[in-house]
Amino acid sequence: MIGAGLATSEEAIFDLDFHAVMHWGQDPAVEILGELDVRGVRFLTLRMRSPGLTRQIASLPAAAYTTVTLDRTGRYTKPKVHESTGVKLTNYPATVCQFIVTGLGRDAPP
């Protein structure tokens, strides 16, 4: 964000400590996110680890992941990341970029 000139170092802060929100059927929140995307407002959200998504993740070969190094203390400093572009979500008007991250200590759904 800082490198792209989208935010100053004081503004480029966001918290990734959140959980997926379950929903079924029509979801106005998905439509609201679609509207934000059309307006150029970028956002990050989590997907629920459904059985289908869990199978998809399990079927990825080890070579599909890139190891990254996190600048943090403690364990789990070298997670593996897989990026998929052009992913279509139900009831979402556009495609999204999806990141699958493993090796952070919570690879299985709680």
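The values are calculated or read from the model by the stated rules, or taken from the named source; none is laboratory data. As the structure is a prediction and not an experimental result, all values here were calculated from the model. Every residue, glycine among them, receives a Cβ derived from its backbone with ideal geometry; neighbour counts consider all protein chains shown.
For Gly40, the criteria (1) under 17 Å from the mean Cα position of the chain (by Cα); (2) over 25 Å from Leu104 (Cα atoms); (3) modelled with pLDDT of 70 or more hold in every case but one, which is (1).
Look at Tyr76 and say whether it is surrounded by 11 or more Cβ atoms within 10 Å (Cβ to Cβ), in contact with a helix residue (DSSP H, G or I) (Cβ under 8 Å, 6 or more places away or on another chain), among the hydroxyl-bearing types (Ser, Thr, Tyr) and closer than 27 Å to Ala7 by Cβ. No, not satisfied. Scanning segment 60-110 for residues that are over 30 Å from Glu31 (Cβ atoms), among the aliphatic types (A, V, I, L, M) and outside any helix (DSSP H, G or I) gives Leu60, Val68, Leu70, Leu104, Ala108. Within the set of pairs 6 or more residues apart or between chains, which connect a residue that is more than 17 Å from Ile57 (Cβ to Cβ) inside segment 78-92 to a residue that is assigned to a loop (DSSP other than H, G, I, E, B) and modelled with pLDDT of 85 or more with Cβ atoms less than 8 Å apart? From residues that are more than 17 Å from Ile57 (Cβ to Cβ), the pairs are Lys78/Val68; Lys78/Thr69; Lys78/Leu70; Lys78/Gly103. Confirm whether Arg39 is among the basic types (Lys, Arg), under 25 Å from Ala7 (Cβ atoms) and either exposed (fewer than 10 other Cβ atoms within 10 Å of the Cβ) or free of Cβ contacts under 8 Å to residues at least 40 places away in the same chain (or both). Yes: the conditions hold for Arg39.
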